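Since every read-out is calculated from the coordinates, none of them should be taken as a lab result. Model, not experiment: these values are computed from the prediction.
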Amino acid sequence: MISITQESLPIMWVAPEALISGKYSAKSDTWSYAVTIWEIFSVGRDPYTEKTLGEVLGAIANGEQLGKPYFAPDDV
């Protein structure tokens, strides 16, 4: 059995409810997928690069979302 610690989680890609409860679902998978798509349209840029881990957690908890990447078409 693999033990996952908070230090080993990719926090930027984990849905807020999964961070809080530790339970994953199709909705939390969709969150992670959306962040990955954001990365693709950002040409590999990491999400939340201007924030510390604590600031990221607070921003996500407050409902802040990643902005539209520069290379993303308007219909995405």
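Structure above, values below:
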| quantity | calculated |
| --- | --- |
| Using θ = phi - 60° and Karplus 6.51 cos²θ - 1.76 cosθ + 1.60, couplings along region 57-67 (whole Hz; Gly, Pro as x) | 4, x, 5, 5, 4, 8, x, 5, 10, 5, x |
| C-alpha long axis of helix 26-41 to longest principal axis of the chain, angle in ° | 40 |
